[in-house]
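Every read-out reported here was derived from the displayed coordinates using simple, explicitly stated rules and does not represent laboratory data. This is a predicted model, so every value here is computed, not measured. Here the Cβ positions follow ideal geometry from the backbone for every residue, glycine too, while neighbour counts run over all protein chains shown.
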Amino acid sequence: MRMWHDIVAIIRPGHAGAAIAYGSLLLKGVEVPESVIKFSLKRGAAANRRGKNKGSGSIDPVEMAREKFQIAAKAGCDLGFKWLARLEEEEKRLLMEGH
């Protein structure tokens, strides 16, 4: 669990590599301890959106990963932009399959 707190602490100052690692783990389905999610949400935009799901307690790992990739992209990391593009392509593909 200490590893997760370290990753979140590194992301805050804009460490692109940590943001990419965190986002990648979220997309792979790695279980993030609840205390780390709460700590991370205090700092991110997901905390504002969480109000929509109050009481559900569920966090969308794709949205959390997207936020982490945006942090990396804002820090100038090309890999952050590539992950964001990959997520967008996957969403488009899923929408096309649904119609």
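In summary, the aspartates and glutamates within cross-link reach of Lys82, defined as a Cα separation below 15 angstrom excluding same-chain residues under 8 places away, comprise Glu67, Glu90, Glu91.
The listed peptides 60-68, 73-81, ordered by packing as a protection proxy, come out as 60-68, 73-81 (highest mean of other Cβ atoms within 10 Å first).
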